[in-house]
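**Q** Pasting a structure here, questions to come.
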Amino acid sequence: MKFFQNSVSAVVIVTLVIGVAAGFIFGLTLPLAVSSENERVVAYEEVAAQSAVEEAAKIAIEMGTDSAEYGLAYETLPGVQKYDGPALAQAMPIETKESWLSWMRNSRNDNPVFLEERWNLAQSFVLTSELKRSEDVRAFLLAPREHFVRARNRGLEYADTWLPIGYGATITDPDVVAMMTTTLNIQSGERVLEIGTGSGYQSALLSYLTTEVYTIEIIKPLFIETDGLYRDLEKSYPSYSTINRKLGDGYYGWEKYAPFEKILVTCAIDHIPPPLLRQLSPGGIMVLPLGPPGRQYIMEVKKDAAEDGSITLSRRDVYNGLRVKFIPFRDEAGSSYSAPAAEENS
Ligand code: SAH
């Protein structure tokens, strides 16, 4: 096994060297940096590239994305064995608080105070049916919200409320995250696209439901901050290394990886973006905060394809008519995609 790994490393190194040379000769940059645990694309942000390999990897990333303006993305390489977050979630005992706590203490370094709060919040969402499936309860129990709530909001990590995360963005209320997630009915292996990475919490949670998580953020410094957070956290929470992330306008989805079985929009819009609908698989589900600025309904949209190929959409309000206030779905110039709120009639 060791011999095999060494051989693989050697092959990879040789490939990289040849790739770099080819890159310089032909103007192509093929090689991607490789880490021992999980092959993956190296940080674009490592501006002080130490070597030609790093420099080449950086350029490869820029070439490999379809966000022409920004071109910043982190994508796990196709065909590479990924850490299996859903398998971890399934292995975790959740029958009693005690068994869960002792498992968590043995496998993680999470602060025991937060573990207690996380458990209690999950239980309350089970009672309100905001968490319906055991898979979603498990994902919720594994996602350390304390790392995604920004430092200035210490003490509110498990308060059931949204919180500011800078740049005019927010981390969504945990109950809304729970409800939207449970509505998606994610099966392990399905491709899930999130629009609005924000704090990174939602996609962290999704990484315990499927190894195919894709997330897009439009605010560059926020994208960079959260990307850095995932990199720091993936040592202790390896499933975050499977989260594919891109800086760009999520209105246009992520064509390269479409179709997606599930799409989760976490910024407010008054219509379903047509590109996202196109990138949703037949039989797929999209959940989004739909409505004018300041008041949206959380909608589940199902896309069904009939035998003759015609597409039907069905919509359901998953929050029983309650309204939420997500931050606007905006374009790269900063304008909202939603029309200004109509006059209030009610
Ligand atoms: N899912 C996030 C919620 C963040 S708030 C979390 O769990 O923290 C919504 C996010 O959507 C913001 O970060 C905002 O910058 C982002 N956003 C708004 N318009 C966008 C667009 N066109 N493409 C991608 N992200 C967008």
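**Q** For residue 116, which of the numbered conditions (1) surrounded by fewer than 22 Cβ atoms within 10 Å (Cβ to Cβ); (2) assigned to a loop (DSSP other than H, G, I, E, B) fails to hold?
**A** Every listed condition holds for residue 116 apart from (2).
**Q** Here's another thing I want to ask about it. All but one of (1) open to solvent by 40 Å² or more (accessible area, probe 1.4 Å); (2) touching a Phe, Trp or Tyr at 6+ places or on another chain (Cβ under 9 Å) hold for residue 152, so report the exception by its number.
**A** Status for residue 152: all satisfied but (2).
**Q** Which of the residues spanning region 224-256 are more than 11 Å from the ligand (Cβ to nearest atom), of a type in the set (D, E, K, R) and surrounded by fewer than 21 Cβ atoms within 10 Å (Cβ to Cβ)?
**A** Passing the criteria: 231, 232, 234, 235, 255, 256.
**Q** Could you count how many residues in region 280-312 are within 22 Å of the chain's Cα centre (by Cα) and either open to solvent by 10 Å² or more (accessible area, probe 1.4 Å) or outside the structural domain of residue 336 (by TED's automatic domain parsing) (or both)? Spell out the reasoning first.
**A** Let us first name the residues in region 280-312 that are within 22 Å of the chain's Cα centre (by Cα), namely 280-290, 296-303.
Narrowing further to those that are either open to solvent by 10 Å² or more (accessible area, probe 1.4 Å) or outside the structural domain of residue 336 (by TED's automatic domain parsing) (or both): 281-283, 285, 290, 297, 299-300, 302-303.
Looking only at that region, the number is 10.
**Q** Taking residue 276, is it under 30 Å from residue 110 (Cα atoms), in contact with a Gly (Cβ under 6 Å, 6 or more places away or on another chain) and within 14 Å of the ligand (Cβ to nearest atom)? It would help to see each step written out before you state the result.
**A** Values: under 30 Å from residue 110 (Cα atoms): no; in contact with a Gly (Cβ under 6 Å, 6 or more places away or on another chain): yes; within 14 Å of the ligand (Cβ to nearest atom): yes.
No: the conditions fail for residue 276.
**Q** Among helices (runs of 4 or more DSSP H) lying entirely in region 196-281, which contain 3 or more residues that are more than 29 Å from residue 118 (Cα to Cα)? Write out each step before concluding.
**A** Details: elements: 201-206, 220-233, 274-279.
It comes to 274-279.
**Q** Within region 139-149, take every residue that is assigned to a helix (DSSP H, G or I) and open to solvent by less than 60 Å² (accessible area, probe 1.4 Å) and give me the one that is nearest to residue 206 (Cα to Cα).
**A** Start the filter on region 139-149 by keeping residues that are assigned to a helix (DSSP H, G or I), which leaves 139-142, 145-147.
From the residues that got through so far, the ones that are open to solvent by less than 60 Å² (accessible area, probe 1.4 Å) too are 139-142, 145-146.
On the way: 139: 7, 140: 9, 141: 12, 142: 10, 145: 13, 146: 16 Å.
So the residue we want is 139.
**Q** Among the residues of region 322-346, what is the count of those that are away from the ligand (no atom under 16 Å from the Cβ) and modelled with pLDDT under 90? Lay out the reasoning, then the answer.
**A** At the first step, the residues of region 322-346 found to be away from the ligand (no atom under 16 Å from the Cβ) are 322-323, 340-346.
Filter once more, keeping what is modelled with pLDDT under 90: 340-346.
Summing the residues that are away from the ligand (no atom under 16 Å from the Cβ) and modelled with pLDDT under 90 in region 322-346 gives 7.
**Q** If you don't mind, another one. Hey, among 195, 186, which residue is within 22 Å of residue 243 (Cα to Cα), surrounded by 21 or more Cβ atoms within 10 Å (Cβ to Cβ) and within 13 Å of the ligand (Cβ to nearest atom)? Walk me through it before giving the result.
**A** Values: 186 fails: within 13 Å of the ligand (Cβ to nearest atom).
One residue alone meets the criteria, 195.
**Q** For region 78-98, how many residues meet the condition of being in contact (Cβ under 8 Å) with a residue 60 or more places away in the chain and touching a helix residue (DSSP H, G or I) at 6+ places or on another chain (Cβ under 6 Å)?
**A** Within region 78-98, residues that are in contact (Cβ under 8 Å) with a residue 60 or more places away in the chain and touching a helix residue (DSSP H, G or I) at 6+ places or on another chain (Cβ under 6 Å) number 4.
**Q** Further, regarding this structure: Looking at region 163-180, which of the residues that are in contact (Cβ under 8 Å) with a residue 40 or more places away in the chain and assigned to a strand (DSSP E or B) is farthest from the ligand (Cβ to nearest atom)?
**A** By that ranking, first place goes to 166.
**Q** Oh, and also: Is it true that residue 136 is of a type outside the set (A, V, I, L, M, F, W, C) and surrounded by 18 or more Cβ atoms within 10 Å (Cβ to Cβ)? Spell out the reasoning first.
**A** Values: of a type outside the set (A, V, I, L, M, F, W, C): yes; surrounded by 18 or more Cβ atoms within 10 Å (Cβ to Cβ): yes.
Taking the combined requirement at face value, the residue satisfies it.
**Q** Another question, if that's okay. Restricting attention to region 310-319, does a residue exist that is closer than 23 Å to residue 201 by Cβ, aromatic (Phe, Trp, Tyr) and modelled with pLDDT under 95?
**A** Going through region 310-319, the residues closer than 23 Å to residue 201 by Cβ turn out to be 318-319.
Cutting the leftovers down to aromatic (Phe, Trp, Tyr) gives us 319.
Filter again for modelled with pLDDT under 95, leaving 319.
Yes, the conditions are met somewhere in region 310-319.
**Q** So for region 314-326 (the condition being at negative phi, within 20 Å of the chain's Cα centre (by Cα) and open to solvent by less than 20 Å² (accessible area, probe 1.4 Å)), does at least one residue qualify? Break it down into steps so the answer makes sense when it comes.
**A** Pass one, region 314-326, residues at negative phi: 314-319, 322-326.
Add one more test, that the residue is within 20 Å of the chain's Cα centre (by Cα), and what stays is 326.
Right, trim to open to solvent by less than 20 Å² (accessible area, probe 1.4 Å) and you get none.
Scanning region 314-326, I find no residue that is at negative phi, within 20 Å of the chain's Cα centre (by Cα) and open to solvent by less than 20 Å² (accessible area, probe 1.4 Å), so the answer is no.
**Q** Oh, and also: State all residues of region 198-223 that are open to solvent by less than 10 Å² (accessible area, probe 1.4 Å), β-branched (Val, Ile, Thr) and more than 6 Å from the ligand (Cβ to nearest atom); if no residue qualifies, say none.
**A** Matches in region 198-223: 210, 213, 215.
The values are calculated or read from the model by the stated rules, or taken from the named source; none is laboratory data. Quantities reported herein were computed from a predicted structural model and do not represent experimental measurements. As a convention, Cβ positions derive from the backbone with ideal geometry for all residues, glycine included, and neighbour counts pool all protein chains shown. Ligands, DNA and RNA are excluded from the accessible area calculation, which covers all protein heavy atoms including side chains. Shrake-Rupley method; radii C 1.70, N 1.55, O 1.52, S 1.80 Å.
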